[in-house]
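This report concerns only the one structure given below.
The values are calculated or read from the model by the stated rules, or taken from the named source; none is laboratory data. Keep in mind the model is a prediction, meaning the values are calculated, not measured. Please note that ligands, DNA and RNA were not included when accessible areas were found on the heavy atoms of the full protein model with its side chains. Shrake-Rupley method; radii C 1.70, N 1.55, O 1.52, S 1.80 Å.
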Amino acid sequence: MERLLSGGHPGREALVAACVGYRDQLAERHPRLAGTLLEALNRAGVREIVADGERFDPRLHEASGTETAGRPELHDIVAETVRRGYADGERVIRVPQVVVYRHGSPDPGAGR
């Protein structure tokens, strides 16, 4: 925080990025405080992005892993959001990192 404020008056973008970073750090150890920070971000127009159950879209999500799907209809569906994303108004400031369901075994002939 001292680095953020040392340059004078930080802009909204820098403050939002700092709050998002602090929320990441607080989430596991201090969930109530992280919740309070999220409420403040929401009041300022920043919303959290959780993609669980959505169809994976590489423009909107960053895949960090895969999980085997037991049913074909789950293929390419987000199984879990491992790092939440954020949007400031309509502008996405961080895409969520997700685990994506994959059904079936990889095609051994793919990429040939």
List the number of the failed condition for residue 23; all other conditions in (1) among the basic types (Lys, Arg); (2) within 13 Å of the chain's Cα centre (by Cα); (3) open to solvent by 80 Å² or more (accessible area, probe 1.4 Å) hold.
(3)
Considering only residues that are open to solvent by less than 60 Å² (accessible area, probe 1.4 Å) and under 12 Å from residue 20 (Cα atoms), which ones fall in the stretch 32-48?
34, 35, 37, 38, 40, 41, 46, 48
